[in-house]
Amino acid sequence: MASLLDVLDGCRDRRFHPGHAHGGDEQSFLERSLDGHVALVTGGSGGIGRGIALALAGVGADLVLVARNLSALEATQGEVEGLGSRALIAVADPSTPSGAEAAAAAALAQFPAVDILVNNTGGSSGDGFGPAHCSTWIRTNSIVTWTSTSRAPF
């Protein structure tokens, strides 16, 4: 099974073939293969989250961008819209139950459903690698992931 990144890469360089089930002309499918789909990207204001959001927008997905920094979210929103996709921003901290619920509520107020969740919430304590880093890693990769996913609007 191909990963999402394999599919996105294949769409860009025309290696991915949709098969007969999708109908229509192959060129338009490849260029906008996620038309009509909505992706919610946590941490979508910068770094990896921004890159994923732009890749998804580049193949037609509409985006719900979630992060804590309004100005960075607005910058990514402008880039997504420049690619022809819609972008909703939600200023929230999805690592908390109330932040995850606020992001889901914002998404469902604008779109009928969310098809793709990119759970990119994270961060660094700046402590380097050691006991303190271990607890941060556990919090980010288990607790935050569970909080965001358990409140996801699917």
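Values for this structure:
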item: Strands (runs of 3 or more DSSP E) fully within the stretch 39-121 counting 2 or more residues that are touching an Asp or Glu at 6+ places or on another chain (Cβ under 8 Å); result: 87-91
item: Options G24, G44, G78; residue that is over 16 Å from D115 (Cβ atoms) and modelled with pLDDT of 90 or more; result: G78
item: First in the stretch 66-90 and not assigned by TED's automatic domain parsing to the domain that holds A106, second anywhere and at pLDDT below 95, Cβ under 9 Å, 6 or more apart; result: none
item: All positions within the stretch 94-116 that are under 19 Å from R68 (Cα atoms) and buried (at least 18 other Cβ atoms within 10 Å of the Cβ); result: P94, S95, G99, A100, A102, A103, A104, A106, A107
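The values are calculated or read from the model by the stated rules, or taken from the named source; none is laboratory data. As the structure is a computational prediction, the values presented were derived from the model and not from experiment. Note that each Cβ is placed from the backbone with ideal geometry, even for glycine, and that neighbours are counted across all protein chains shown.
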